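Peer 1: Handing you a structure now.
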């Protein structure tokens, strides 16, 4: 096993990887950008290194800086987490050249899955059903129009170099095609440096299901019970669960077998996920995520398998500890993504200072958080601040436990997606397990959010009193003599008032 | 009336309108309607089913559940802007604030152009998302205070409209 692991990421995933690695006796080296000098993930590491400026390209996406940090700290392996450098084939290659193990698939497999057209082609060859579409880059608008007419509208343009739901554009008829084609090309060029597009049939009211796969030496490995991630907004997942409420035993087994076979055919190793669309009782291939995914904890919750531990074992040559025959799963698990976004204002990003942070706790409740009271959420990185994961013996139990946990979750100082989850979890379709990828828009769930909760109403009451008191006429409050109340003291006072044990929250070491 | 209110370290942008029907308060876009009345030694506010007492003492607000530290700044009183007789009665300067910190990736507003409520004035990138900042009102762009590539902080004034 490795002795020193560099974790090339930030936030909750860096902390989550370190938790397992340190429990395995591995020395963890963290990295941070200038904007993350006080970030929580640093406290989860044995040591940490500053690698560059606040912009991702200067730090977490900077392969040279990352390799330099790994060499200088004598790391023998790098875990990339998700996002950033996790699916960059050339980074995986450079790690190998530097004699450092990349905890992930081989560069060749990353390259094939990273090109959506080649991934489609490879999957089709391996006998995986693919969504109706083309297996080549579209050369022109005319070619696109021809193909779309053949397949039938609506169709979906996708960037070959795309991922994470960016660069997709739906077209409902020939009129809008040319415009969508050009718009999708420019989005693809701006985001991925490559304007190439292909096209697939757009499936309406489809479900998003995916299979976690873990492959060890010689491609022997396991497929896990499927996850369903249909609750999305702008193709970004908001809530995931396992198993899918729509899938029965026979389909489950076929999904798993097809996913494992597909990745085996690519010479894939380590953890990966095959995403499918499930529509009219049929499933078709969507894409491969060649990394550990955000939603991996729900799989861990129903199977008891620590996926990061298995990743580290595969990468170090120790081998997977579970076999398909022994694999069991129990109950149901759900994850809600807590993002620093304001659902009342169209999911406006809400970076800032976390004044107070209280996560729910209890049996079958897991919170993977990247912030704590006193943390700053910078505007430079993605908005995920925590993942709330709950389990239950049945889906109903899990949904109820999630609703309670969401209610008990308190984040102050920034706006979060918690009010959205409260509305979703009470929605009739969601409760029945009737899910589809555009349900958030179709059901106008966001429009149903009435408030951010009782604390926000209190702020409104104070604001009303301030306005009515004539207080505004005397001008702003100016603090000349006194330093501003720190987040610490404010949090401490609230805890006192709430009858907590500590007047001041325990201090963290930075 | 608009102002920035910080309660226990949490910043909010507040808009308050007094009407004959009562009071309308928007806190970072979340709207509440209710009534306010003065009582002995304080103010009572009803936004939900119950009247709740709010005491204001210096920089603290006292509510049912305790004492909250408050800060008030950036007070904008619309009435004082529209006082000039020369202008049409409803014309007023409307500063556009950045709703979050970020980087300006596109500026659509040009000084002197007419915009409609909802038109995109500029695009701010934050947290890997591009966010269109819309005009809150019909009007004419009087000032544009940022250029593409600028970094802005939350609440920074990025443009000024003359609303009408």
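Read the figures in this text as sums done on the coordinates, not as results from a lab. Here the structure is a predicted model, which means the values were calculated and not measured. As a convention, Cβ positions derive from the backbone with ideal geometry for all residues, glycine included, and neighbour counts pool all protein chains shown.
Peer 1: Helix A:249-265 sits at what angle to the longest principal axis of chain A, using alpha carbons and giving 0 to 90 degrees rounded to 10?
Peer 2: Helix A:249-265 sits roughly 80 degrees off the main axis of chain A.
Peer 1: Of all the C-alpha pairs in the range A:204-306, what % are more than 18 Å from each other? Please list the in-between numbers first.
Peer 2: On the way: 2229 of 5253 pairs.
Across the range A:204-306, Cα pairs with separations above 18 Å total 42 percent.
Peer 1: 222 nm [θ] for the protein assembly as shown, helices only, -39500 (n - 2.57) per DSSP H run of 4+, per residue, to 500? Walk me through the intermediate numbers first.
Peer 2: Numbers: 17 runs with 173 residues, N = 674.
That comes out to -7500 deg cm²/dmol.
Peer 1: If you average the sequence gap of Cα pairs under 8 Å that are 6 or more apart and divide by the length of the range A:132-201, what percent do you get for the contact order? Intermediate results must be reported in sequence, preceding the final value.
Peer 2: On the way: 117 pairs, mean separation 30.0, N = 70.
Computed value for the range A:132-201: 43 percent relative contact order.
Peer 1: Sticking with this structure for a sec: So what's the range A:277-359 giving for Cα Rg divided by 2.2 N^0.38 Å, two decimals? Intermediate results must be reported in sequence, preceding the final value.
Peer 2: Numbers: Rg = 18.1 Å, N = 83, 2.2 N^0.38 = 11.8 Å.
Relative to the 2.2 N^0.38 Å estimate, the range A:277-359 comes out at 1.53.
Peer 1: Also: Alpha carbons only, please: Rg and Dmax for the range B:2-75, in angstrom.
Peer 2: Considering the range B:2-75 through its Cα atoms, Rg and Dmax are 12.4, 33 Å.
Peer 1: Quote the FRET efficiency, to the nearest 0.05, computed for residue A:191 versus residue B:157 with a Förster distance R0 of 35 Å and r equal to the Cβ-Cβ distance.
Peer 2: Working from the Cβ atoms, E equals 0.70.
Peer 1: Then there is this: Hull surface divided by four, with the convex hull built on the Cα atoms of chain B: how many nm²?
Peer 2: Projected over every direction and averaged, the Cα hull of chain B covers 11.8 nm².
Peer 1: Also: Viscosity 1.567 mPa s, temperature 4 °C: what is the translational diffusion coefficient of the range A:77-158 from Stokes-Einstein with a Kirkwood Rh over Cα pairs, rounded to a whole number of µm²/s? Working shown, then result.
Peer 2: On the way: Rh = 15.0 Å.
Taking Rh from Cα pairs, D becomes 86 µm²/s.
Peer 1: Angle between the Cα long axis of helix A:11-23 and the longest principal axis of chain A, 0 to 90 degrees, nearest 10?
Peer 2: Taking Cα atoms only, the helix is inclined about 80 degrees.
Peer 1: When you look at the Cβ of every residue in B:125-134, what mean number of other chain Cβ atoms sits within 10 Å? Can you show the working numbers first?
Peer 2: Values: counts 3, 11, 16, 11, 8, 2, 5, 1, 1, 1.
So the per-residue partner count for this stretch is 6.
Peer 1: Nearest 5 percent is fine: what portion of the DSSP beta bridges confined to chain A is antiparallel? Present the calculation step by step, with values, prior to reporting the outcome.
Peer 2: Details: 59 of 74 bridges.
The antiparallel proportion sits near 80 percent.
Peer 1: What is the Cα centroid distance between the range B:1-52 and the range A:280-332, reported in whole angstrom?
Peer 2: Using only Cα atoms, the two centres lie 50 Å from each other.
Peer 1: OK, next. For chain A, what relative contact order do you get, as a whole percent, if you take Cα pairs closer than 8 Å and at least 6 residues apart?
Peer 2: Values: 1027 pairs, mean separation 68.3, N = 510.
So the answer I get is 13 percent.
Peer 1: Report the residues of the range A:433-477 in range of a label on residue A:170: point 7 Å along Cα→C-beta, backbone N strictly under 13 Å from it.
Peer 2: Residues A:436-444 fall inside that zone.
Peer 1: Hey, another quick one. Shape verdict for the range A:102-148, please, from the Cα gyration tensor: rounded (a/c under 1.5), prolate (a/b greater than b/c) or oblate. Write down the numbers at each step before the final one.
Peer 2: Details: a/c = 4.21, a/b = 1.92, b/c = 2.20.
Here the range A:102-148 falls in the oblate category.
Peer 1: Right, another one. What is the ratio of the Cα radius of gyration of the range A:132-201 to 2.2 N^0.38 Å, with N the residue count, to two decimals?
Peer 2: 0.96
Peer 1: Tell me, how many Å apart are the Cα centres for the range A:94-146 and for the range B:90-164?
Peer 2: 40 Å
Peer 1: Still on this structure, I have one more. Mind pulling the angle between the C-alpha long axis of helix A:307-316 and the longest principal axis of chain A? Nearest 10 degrees, somewhere in 0 to 90.
Peer 2: Tilt relative to chain A: about 60 degrees.
Peer 1: Taking Cα pairs under 8 Å and at least six residues apart, what relative contact order does the range A:207-448 come out at, in percent?
Peer 2: Working: 488 pairs, mean separation 50.1, N = 242.
Across the range A:207-448, relative contact order equals 21 percent.
Peer 1: Kindly provide the Kirkwood hydrodynamic radius of the range A:42-188 in Å, to one decimal, from all pairs of distinct alpha carbon atoms. Kindly include the intermediate steps, with their values, before the conclusion.
Peer 2: On the way: mean 1/r = 0.0557 Å⁻¹.
Over the range A:42-188, the inverse of the mean reciprocal pair distance is 18.0 Å.
Peer 1: Follow-up question, since we're still on this one. Seen from all sides and averaged, what is the projected area of the convex hull of the Cα atoms in the range B:91-163, in nm²?
Peer 2: Taking the Cα atoms of the range B:91-163, their convex hull projects to 4.0 nm² on average.
Peer 1: For the range A:354-368 and the range A:19-71, what is the centre-to-centre distance using only Cα atoms, to the nearest Å?
Peer 2: 24 Å
Peer 1: Further, regarding this structure: How large is the convex hull of the C-alpha atoms of the protein assembly as shown per residue, in Å³? Present the calculation step by step, with values, prior to reporting the outcome.
Peer 2: On the way: hull volume 117.3 nm³, N = 674.
With only Cα atoms used, the protein assembly as shown gives 174 Å³ per residue.
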